[in-house]
Each structure stands twice: as structure tokens, then as C-alpha cells.
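Trainee: Sharing a structure, written as C-alpha cells. Questions coming.
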Amino acid sequence: MNVSVRQFVKYLKLERGYSEKTTVAYQTDLLQFENFIAEKQQTDRINWKLIRRNTIRDFMGLLANQGLERRSIARKLAAVKSFFKFLALQGDIEANPAAGIKTPKYSSTLPEFISIQLIDELMALPDTRTFEGVRDRAILEIFYGTGMRRAELLNLSLDDIEWEQNLIRVLGKGGKERVVPVGNSALQWLKKYVDRRSFYALPGVDAVFILKSGKKMYPMIIQRLVNKYLQNLAEIKKKSAHVLRHTFATHLMNNGADIRAVKDLLGHASLSTTQIYTHVSIDHLKNIYNRAHPGVDHKSTHKTRRR
């Protein structure tokens, strides 16, 4: 790996507080870009000062010819842009050659979410006669009741729960802490779980959610757990914990929550990230209108359309 790329990845980790997953993604994209330049210029010693806009465009063209989706190309371009911006700030290059390159347009897929009618059905699936069933119910309730990410849930400690105030302190992306309210249903199941947790937790394990062996849970276990229950909901194609985060945000927006409040609850850095739920909310309103308004030409035996 090029020295400059290594320094950039270190900068993302230590100074920007990016997660391991994000830094690995940046590193992978930049290694691909680095290999492209090395092959194109027939050299292992890349001089970033000599890289021009056309080289970056050639790289994007190669990705497109390989059949990569526009969303993936846009992500790789974002990594390249951030890297050159870093080099410019460091004084390693005079100008950012990627600054004027436009990001490929792609159609954004609206996030999938669970209907309100099916939430109770989902919550009733765990067998709450067992320790693991109570734990799973608490996990589902917390995901839906707070909108937190999988990593945030895994890193919760017992001290993060403020029982009297119905609040949980969450450590989000970039090490940013936020406080989220918790509904009564989620808090009640969390309490039932925590009361049982003490019989299983190994000494020194402070994580809220643990395995029956007493050890802290890990990402793949959470993924499998959520997937198992979502398999029972035919309307949901994507089986991941993020569906519950999308459901939390969508239900808030559909019930009139302010988008800025939703942004803060989700821990988004930018309002633009949260705005996708506005589109989901609009689609929801359209569906209600199409089902209920007498001016819509419904295909039924009853003539409801006004003449």
C-alpha cells in the first residue's frame, strides 16, 4: 500500500473517528485506484502530484466497463475525492484533480420498512419462556423503539441505560454520543431481559446483550437473529437489522415527526441522509390517498369515482 494511502486511512481512523468497516471500504477502493494507476503508468512509485482529472475519469470508465453499478462507482469516486482533498490539506499536492468531477447519477432505492400492522406480529415471534427468547424480544423492541444501528446496540453497556428517564446513551459513528428516548414497551422488555441477564453474564462482561454462554454478542449473531424473525414476514425482502432502523424512522415521519428531530434520533451527520424518509412518507400518503379518496378510479364492483 502506498505511504500516502496508509497515512490517509490512519487519519480517517484516528482523527475523523471513522469505523473499522468504513476505513476498510475506503482502503479497498483506494488500493484499486492505486493498482489502476500503477498498471497504467507501468510504475510502482506513484507521484500523486502528476495525477490529472483524465486519469480519474479513465478509472471511472474502467469500472463502468466492468459492469459496476453507478452507486458503487460513486462510492469509489467519493473515496478518491476524499483522498486528494487530504493530500491538498497536507500540502502534498497543489490542487485536487478530483474536485470538479461530477458524481454519476443513480436512482436511490427507497428503504424497506415493516408496516405498523405487522410490527406486533414480529414482536410476538420470540419464545419468551426462554432466556434467549426474552433477549431476542428486547433486541427487536430496542431496534424498533430507538432506531439504533447494530454496532450501537452491541456496544451498549448497562451504565448507558437511564431507567428513570426512559433514555439510553448511544455511542454512534465517529465516536459521537447521543441520547435517545425509549418507549414503555421497549423499556419493559429490556428490564425483563436485564433481570435474567445477571444469571448468565460472565464476570467483567458489561455489554447489555450477551449470549447464553455469558459472552458479549457479535455482529453476525445479531444478523442471524433478526434474519430468523424477519423470515416470517412475507412482505419484507431484505432481512437485516437495518430494516428495523428504517421502520423506526418511517413510522416517525408518517406520524408527523419533524425531520430534524428524526435526524438527531438516528444520529445522522447530515439532514440530506434523513431526507430519504420524506420520500417514503410521501409514498405512504399517496397509497392512503389512492385507497381512500372517492376521486380515484378503484377497480371494484362499486363505482366510487365521481362523474
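The values are calculated or read from the model by the stated rules, or taken from the named source; none is laboratory data. Treat the numbers as computed from the prediction; the structure is a model and nothing was measured. Every residue, glycine among them, receives a Cβ derived from its backbone with ideal geometry; neighbour counts consider all protein chains shown.
Trainee: Only one of ARG57, ARG52, ARG45 is at pLDDT 90 or above, exposed (fewer than 13 other Cβ atoms within 10 Å of the Cβ) and either closer than 24 Å to ARG6 by Cβ or out of contact with any helix residue (DSSP H, G or I) (no Cβ under 8 Å at 6 or more places or on another chain) (or both). Can you tell me which?
Mentor: Only one candidate qualifies: ARG52.
Trainee: Further question on the same structure: Among helices (runs of 4 or more DSSP H) lying entirely in the stretch 213-283, which contain 3 or more residues that are in the same structural domain as GLY174 (by TED's automatic domain parsing) and under 30 Å from ARG196 (Cα atoms)?
Mentor: Of the helices (runs of 4 or more DSSP H) lying wholly inside the stretch 213-283, those with at least 3 residues that are in the same structural domain as GLY174 (by TED's automatic domain parsing) and under 30 Å from ARG196 (Cα atoms) span 219-230, 241-254.
Trainee: Taking LEU190 and the conditions (1) at pLDDT 95 or above; (2) part of a loop (DSSP other than H, G, I, E, B), which numbered condition does it fall short on, given that it satisfies the others?
Mentor: Just one mismatch for LEU190, condition (2).
Trainee: Residues in the stretch 93-108: is at least one buried (at least 18 other Cβ atoms within 10 Å of the Cβ) and polar (S, T, N, Q)?
Mentor: So far as the stretch 93-108 goes, yes, one or more of its residues are buried (at least 18 other Cβ atoms within 10 Å of the Cβ) and polar (S, T, N, Q).
Trainee: Within the group THR109, THR130, which residue is at pLDDT 95 or above and either assigned by TED's automatic domain parsing to the domain that holds ALA241 or over 21 Å from LYS215 (Cα atoms) (or both)?
Mentor: So the residue among THR109, THR130 that is at pLDDT 95 or above and either assigned by TED's automatic domain parsing to the domain that holds ALA241 or over 21 Å from LYS215 (Cα atoms) (or both) is THR130.
Trainee: Filtering the stretch 193-202 down to residues that are modelled with pLDDT of 95 or more and not hydrophobic (A, V, I, L, M, F, W, C), which residue is surrounded by the fewest Cβ atoms within 10 Å (Cβ to Cβ)?
Mentor: Ranking the qualifying residues of the stretch 193-202, first place goes to ASP195.
Trainee: Among the residues of the stretch 213-250, how many are surrounded by fewer than 18 Cβ atoms within 10 Å (Cβ to Cβ), under 22 Å from THR273 (Cβ atoms) and among the hydrophobic types (A, V, I, L, M, F, W, C)?
Mentor: The total comes to 0.
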